[in-house]
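Peer 1: Pasting in a structure now, in structure tokens, and then I'll have a few things to ask.
Nothing in this text is a laboratory measurement; each read-out follows from the coordinates by a stated rule. Nothing here was measured: the structure is a model prediction, and the numbers come from that model. Neighbour counts are summed over all protein chains in view; Cβ atoms, including those assigned to glycine, are modelled from backbone coordinates with ideal geometry.
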Amino acid sequence: MSFLRRRKPPENQKPTHPQPEPELEEEDNKKKELTPNKKIPKKAEERVKWSCLDNCCWFVGCVCTVWWGLLFLYNAMPASIPQFVSEAITGPWPDPPGVKLHKEGLKAKHPVVFVPGIVTGGLELWEGHQCAEGLFRKRLWGGTFGEVYKRPLCWVEHMSLNNETGLDPPGIRVRPVPGLVAADYFVPGYFVWAVLIANLARIGYEEKTMHMAAYDWRISFQNTEVRDQTLSRIKSNIELMVATNGGKKAVVVPHSMGALYFLHFMKWVEAPAPMGGGGGPDWCAKHIKAVMNIGGPFLGVPKSVSGLFSAEARDIAVARAIAPGALDKDLFHIQTLQYIMKMTRTWDSTMSMIPKGGDTIWGGLDWSPEEGYRPSKRKKHRSNAADCSADNENVSTESKARNIVNYGRIMSFGKDVAEAHSSEIKKIDFRDAVKGSNTANNTCRDVWTEYHDMGLVGIKAVAEYKVYTAGEVVDLLNFVAPKMMARGNAHFSYGIADDLDDPKYAHYKYWSNPLETKLPNAPEMEIYSMYGVGIPTERAYVYRQSPSSECYIPFQIDTSADEDDKDKCLKDGVFTVDGDETVPALSAGYMCAKGWRGKTRFNPSGIKTYVREYDHAPPSNLLLEGRGTESGAHVDIMGNFALIEDIIRVAAGATGEELGGDQVYSDIFKWSEKIKLPL
Amino acid sequence: MASILRFRKLCILVPVKCSPVSYESHDAPEAEKKEDSPISAVEQVSEKPQVKKNKRQPKQWRCIDKCCWIIGYICTTWWLILFSFNCLTANLPGLKVPEPPGARLRREGLTALHPVVLVPGIVTGGLELWEGKPCSEGLFRKRLWGGNFAEIFKRPLCLLEHLSLDNETGLDPPGIRVRAVAGLVAADYFAPGYFVWANLIENLAKIGYEGKNMYMAAYDWRLSFQNTEIRDQTLSILKSQIELMYLTNGRKKVVVVPHSMGVIYFLHFLKWVEAPPPMGGGGGPDWCNKHVKAIMNIGPAFLGVPKAVGSLLSAESKDVAFLRAMAPGLFSSKTLGLQTLEHAMRVGRTWDSVISLLPKGGETIWGNLDWSPEEGHVCDSLKKRQLQASASDDKGNNSDSRRAFHVKELTKYGRIVSFGKNASELPSSQFSPLVFKGSSTNSASVSCGKVWTEYNEMSHDSIRRVAENKAYTAETVMDLLRLVAPKLMQRAEAQFSHGIAEDLDDPKYNHYKYWSNPLETKLPNAPDMEIYCLYGAGLPTERSYVYKLTPSDRCKSIPFQIDGSADGSNSCLKGGVYFGDGDESVPVISGGFMCAKGWRGRTRFNPSGIATYIREYHHKAPTSLLEGRGLESGSHVAIMGNVAFIEDVLRVAAGASGAGLGGDKVYSDIMRMSERIDIRL
């Protein structure tokens, strides 16, 4: 927009500058014509003055007129023109899957339930402090985010939860937006569920057969029930939809964290009443046909570790590398990262995605299931793929062996540590380190991050431990943020169950961990893992201590850690692996590829599982295709035609076999084999 | 923001120099020469050094420059005003809105107790598109109804096509699916800035309500009530939501707040939910007693509204008739090929729900040719108050004499439709008995057939005969409609009934078509429930019409129209419409009768003796523009912002009973009117 504004005026101004000469002639002509009247030439000269102000007004007027003109043309333009133009360039578009399948004769059959993930659901204000006046029932999260810029501190205050309880702070009620609008678009123009909804509507779905199970994604899963009765609501809605659709079972489509949330729901609904929903042991068998998890981080995501540890992910690390200091400067008293950390650390749900299963799943100091992963090997058939590799096929086997990335070391302090052999690393246990000697000055107090309580000794101890594996990362977080983790440990668990029949596993904190729960007894149900692959995904981090750690987060990702050997996938301090940009393939696929495959102890009734991978292809045409119809990225995959087609087919009655069973591009099965987990 | 700031700087300077220029430059460029002298004079004084400089580089004000300049000027001022408006409103003490009732009651200690269900009325609920014809591309899940109505202006015919229903079935036409918007957004604002429920919702939120204990029972208000269940399962969803809220809120019964047509929709629901499964919801005979604490009907149209007759007969009401009187030919002329009213009628006649609003109870309730419950109603008192308010009193000086005159000439409200002003005043003995003969030789020209209104199928003869019958009461008006729109009535009368039951135990009353008529159903067996009738009073409300034949019927689709010229200086007749007391849409008799008499105590309509309360809110026009649509308004929709009303709803939702509110609160003559209605109870 501003581009247009800036560009247009000069074009309009041009005529005015060369004007004087021709106009002088004109004026002469006028003078000749009007000679009888002597006053007029004089006036013509007086009329000439353009004060600065007039010029400005004139300029504004021109801009406005042009702008309106364009706006009018744009509005008057038939809606089909952009499509027409693009079809002229790239050839006819493929029919959207909904239209295609409608032509095939597919019709709405099973009711569909969407479970949105973290961050993508809208939140609106129901009660707030003075500073949030006029925002009643306006979106604080999602929508335009206009308020973030207008009153950032107020916004942070309202988005935060209570430190102790993980529920509303007094006097503030922020609630999830209900209905399909909750997560159809995250911000205007950035679709999440909208494309899927539109395609389902093509084969006859509408509000009565589609339900968006919107929940407050900031609070822990069980708390959504305690505070908002969200789980009861989902149960009642599924029952209602099954009843009003002639007993057709529901197809559930969770996305991202929604997959964990729904796992929790399935345990909750069958558990007896005080803690659970009291639906009886066959509720799932009776009401659910299929659970189609899209990019479900069943085993957690490494990203959440860095998010909790230093409130940064790759994007922020890159931004810091490009403009060092932008985020750290105390300039204007903006402590962006600290505020973000303060806010996000009150959100229990982020802790649901800490890597689960510890070293068994994510690998130890010297071992990881993905070891030997070389993006270039898989990528050779897709030259345009955006990954961290150049084509160096000719890496000798020796160097390959030497260069195996230790993905198991989720956090390491210093690049050398990340690569060194485990025997070379001297670790000093941090767990017993005394935290005392609080040197943090009190001025930083308003930004609460728990780092102040650690003191320099604690910080140093953390750095000296050098390397953390998935299991140790949990200990680290316990050490670094004890209050937060105390809250989180009451709601989530990250281990692997030895004996699933242990009565302690009836507690709700285990329900969202697939390694500590049994699937419900529903042999006819189907579970799908659908996720994108082919995009480098954060897997492990290289950390360093912040240079000046007085008032800041004392650790940050070491963006200087780069690797020339592209096969090692180290870039800006982040080791990447195959996945959908957020969730590594291992986390999304392992359970369906192995953990639940066949009759295992996690899946006693032998629910059928299917792995459906979607290889990422960037949009061929940026302007017209938007975010692509073959994308594999975590959120963009919701616009992937192949995925939509799969969902529609299942919703219209197909089974996993009819879809074609597994569809795999990555090495997920090989990796799963390497994981030694008793099943 | 940045651009506003930039231009704001400019504008601080603007008023000093440019204001005289802007004033004069509105004229056409030809006039420039004359204007120039004052400008230059001003500028010569103020900027002498510049003048010399400019003389060396002479430029000229051409027409286009001038235009740009003006536009720029206007824009800049506009932005400045907008900017200052955005900055100031919150802080200006003068603009402080009085404290909302929710905040006050919260300080009193009220908190959310009973879950609240809101049931919107006709027209106010949003409708969105789920599937459409090619002409509606890009409107998927966009609002066709409600919102800003932008699309109606862009592609009116396409929109009308999508809003219509199928003529035969009253359901979706093939290939089109328009559905009700779900959730609180469905009817919080009808159009941006025009609140419906938003005020009430906000105040409920102040005492602790939120999404989990507040539910908007949005339904497709175009369909007949039973069809909302058949097509969308709306009644089942409502049942399930009430049960869910009851369970998740510690087994607290719900308070239902229906508005306008929502009132009879919820009446239908009450019967449906207890009826056995194939036709009903199978909730069992004590469902209502178990789940519903109180029904707080707002502006209830229990017995229908005369307005519905006007809209079905000729697609017009007071406002349209008034417009036509002001600008004759505006609606009738076929210039531009617009047949606004005809199109509106065509669409409106496919909506079954309109039929539910036809006056019920016939002559017993609404009066016959010579008698009406409201007779003796003095409009002057109304008028006088209004005139005093507007301080333009030119008639009020002889109100005494006119009141005397009134007693002699009672307005015959019973004649809901009369052809000609005379017919509305004549004694009944001069009328010939009503005869309808079905001689329907189709003589209407075929060329008019594009807009389907069923009038095409009527012959000129029968049209004339309709008019000759002169006056119609609530009962005979139904015959008239059956003659005029046979298909519509046939479709709709399978869904609704408008009579009075002789014997409520007759098994035929188990059919759903009687469920929305309070005079043909028993209330459920729920002695603990309470029913409130909350409505505005003190506004002139359409009660009956004076019609005439449309003057030229060469290619007219609608042969009748309200006689806008019929003005009675002495009665409540204005612009062809007789006004009674009410809330501008629903007359008090329709809103209050059931609570005042029909259900009061233990009657045959209310066998379990459910307590009923009447709460009237006397209309007071907003004192200043800042109040918006008024804090004490009594009009049909604006009452939802009435402070006293909101307080009542909040108190009941927080646990108060009707007696705790203070029982009945009556301003109108509803009690006396109800006494006059002779109905077996």
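Peer 1: Once you charge only the Cβ atoms, +1 for Lys and Arg and -1 for Asp and Glu, what is the size of the charge dipole of segment A:459-524 about its Cα centre, to the nearest 20 debye?
Peer 2: Values: 7 positive and 9 negative charges, 96 e Å.
The dipole of segment A:459-524 has a size of about 460 debye.
Peer 1: Averaged across B:126-139, how many Cβ atoms of other chains sit within 10 Å of each residue's Cβ atom?
Peer 2: Partner-chain Cβ atoms within 10 Å, mean over residues of B:126-139: 2.
Peer 1: What average number of partner chain Cβ atoms lie no more than 10 Å from the Cβ of the residues making up B:70-78?
Peer 2: 6
Peer 1: Mind checking A:407-413 for the average number of partner chain beta-carbons within 10 Å of each residue's beta-carbon? The partial results should precede the final answer.
Peer 2: Numbers: counts 0, 0, 0, 0, 0, 0, 0.
That works out to 0 on average.
Peer 1: Are there any GluC sites (Glu not before Pro) in segment A:151-227 that are in a DSSP loop and have at most 14 other Cβ atoms within 10 Å? List them by number. Provide the component values of the computation, followed by the final result.
Peer 2: Values: sites: A:E157, A:E164, A:E206, A:E207, A:E225; in loops: A:E164, A:E206.
Within segment A:151-227, the qualifying GluC sites (Glu not before Pro) (loop, at most 14 other Cβ atoms within 10 Å) are A:E164.
Peer 1: For segment A:123-176, taking Cα atoms only, what is the radius of gyration to one decimal and the Dmax to the nearest whole Å?
Peer 2: Over segment A:123-176's Cα set, Rg and Dmax evaluate to 10.3, 30 Å.
Peer 1: If packing is taken as the mean number of other Cβ atoms within 10 Å per residue, what is the order of B:483-490, A:290-297, A:608-615, highest first? All intermediate terms of the calculation are to be shown ahead of the outcome.
Peer 2: Working: B:483-490: 18.2, A:290-297: 28.6, A:608-615: 23.5.
Listed from highest to lowest mean packing, they are A:290-297, A:608-615, B:483-490.
Peer 1: Let me spell out the model: positive unit charges on the Cβ of Lys and Arg, negative unit charges on the Cβ of Asp and Glu, origin at the Cα centre of segment B:245-300. What dipole size does that give, in debye rounded to 20? Present the calculation step by step, with values, prior to reporting the outcome.
Peer 2: Details: 6 positive and 2 negative charges, 47 e Å.
With only Lys, Arg, Asp and Glu charged at Cβ, the dipole is about 220 debye.
Peer 1: Given A:L140, A:V174, A:M159, which one lies farthest toward the positive end of the charge dipole of segment A:123-176, if we put +1 on the Cβ of every Lys and Arg and -1 on the Cβ of every Asp and Glu?
Peer 2: Checked the options; the winner is A:L140.
Peer 1: Oh, and also: Under the Kirkwood approximation applied to all pairs of distinct alpha-carbon atoms, what is the hydrodynamic radius of segment B:511-616 in Å? Write out the running numbers ahead of the final one.
Peer 2: Details: mean 1/r = 0.0604 Å⁻¹.
In segment B:511-616 this quantity evaluates to 16.6 Å.
Peer 1: Continuing with the same structure: Please tell me which of these pairs span more than 20 angstrom C-alpha to C-alpha: A:K356/A:K415; A:K415/A:K466; A:K235/A:K599; A:K518/A:K599; A:K267/A:K518? Present the calculation step by step, with values, prior to reporting the outcome.
Peer 2: Working: A:K356/A:K415 25 Å; A:K415/A:K466 10 Å; A:K235/A:K599 27 Å; A:K518/A:K599 11 Å; A:K267/A:K518 8 Å.
Checking Cα-Cα distances, A:K356/A:K415; A:K235/A:K599 exceed 20 Å.
Peer 1: Does segment A:569-610 come out rounded, prolate or oblate, given a ≥ b ≥ c as the square roots of the eigenvalues of its C-alpha gyration tensor, rounded meaning a/c under 1.5 and, failing that, prolate meaning a/b above b/c? All intermediate terms of the calculation are to be shown ahead of the outcome.
Peer 2: Values: a/c = 5.13, a/b = 3.72, b/c = 1.38.
Prolate is the answer for segment A:569-610, as a/c is 1.5 or above and a/b outweighs b/c.
Peer 1: Scan segment B:223-280 for trypsin sites (Lys or Arg not before Pro) in coil per DSSP, keeping those whose Cβ has at most 12 other Cβ atoms within 10 Å, and list them by number. Show your work: numbers first, answer last.
Peer 2: Details: sites: B:R231, B:K239, B:R251, B:K252, B:K253, B:K271; in loops: B:R251, B:K252, B:K253.
Those that pass, being in a loop and sparsely packed, are B:R251.
Peer 1: Okay, moving on. Please tell me which of these pairs span more than 27 angstrom C-alpha to C-alpha: B:K290/B:K522; B:K271/B:K293; A:K107/B:K154; A:K208/A:K594?
Peer 2: Numbers: B:K290/B:K522 17 Å; B:K271/B:K293 16 Å; A:K107/B:K154 32 Å; A:K208/A:K594 36 Å.
The pairs that break the limit, which is 27 Å between Cα atoms, are A:K107/B:K154; A:K208/A:K594.
Peer 1: With +1 on each Lys and Arg Cβ and -1 on each Asp and Glu Cβ, how big is the dipole of segment A:123-176 about its Cα centre, in debye rounded to the nearest 20? Don't skip to the answer; put the middle values down first.
Peer 2: Numbers: 7 positive and 7 negative charges, 52 e Å.
Once rounded to the nearest 20, the dipole reads 240 debye.
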